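Chemist: Dropping the structure in here first, questions after.
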Amino acid sequence: MWSTRDNSYKALDSMVEHVKSILRELKLPYRILRLCGGDLGFTSALTYDFEVFSTAQDRWLEISSVSNFETYQANRLKLRFKDGNGKSQLAHTLNGSSLGTS
């Protein structure tokens, strides 16, 4: 997914809410972890991991992740858009998985 600089964190919040709504609907116990700078890859500006508690394994398992990469991926892809003034701008890119496991 891509977004403008002004809306990328709103888009990230929307992605977080989407995953939360799925987990609530499934009635799964979950927690959200905001990764600290030391745990982020150098490409990500902000990442949230979602974990679900597995009673079978008696531990928390990561089942989803959503990230804002700001302009890092867009720069490598040369992904640009024209703003309201017709000026070319790098897009912000976001990645996410709703539920990455069965």
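Read the figures in this text as sums done on the coordinates, not as results from a lab. No experiment lies behind these values; they were computed from the predicted model shown. Here Cβ is always computed from backbone atoms with ideal geometry, including for glycine, and neighbour counts include all displayed protein chains.
Chemist: Quick one: Debye curve from the alpha-carbon atoms of the chain only, equal weights, vacuum; give me log10 I(q)/I(0) at q = 0.10, 0.20 Å⁻¹ to two decimals.
Modeler: The Debye formula, applied to the Cα set alone, gives -0.33, -0.99.
Chemist: Which of 48, 9 has the fewest other C-beta atoms within 10 Å, and how do the rest follow up to the most? Don't skip to the end; give the middle numbers.
Modeler: On the way: 48 19, 9 16.
Fewest-to-most ranking of 48, 9: 9, 48.
Chemist: Please arrange 1, 15 by how many other C-beta atoms lie within 10 Å of their C-beta, fewest to most. Before the final figure, lay out each step's value.
Modeler: On the way: 1 15, 15 21.
Placing the least packed residue first, the sequence is 1, 15.
Chemist: Okay, moving on. Summing +1 for each Lys or Arg and -1 for each Asp or Glu, what net charge is found among the other residues whose Cβ lies under 11 Å from the Cβ of residue 65?
Modeler: Once positives and negatives cancel, what remains is -3.
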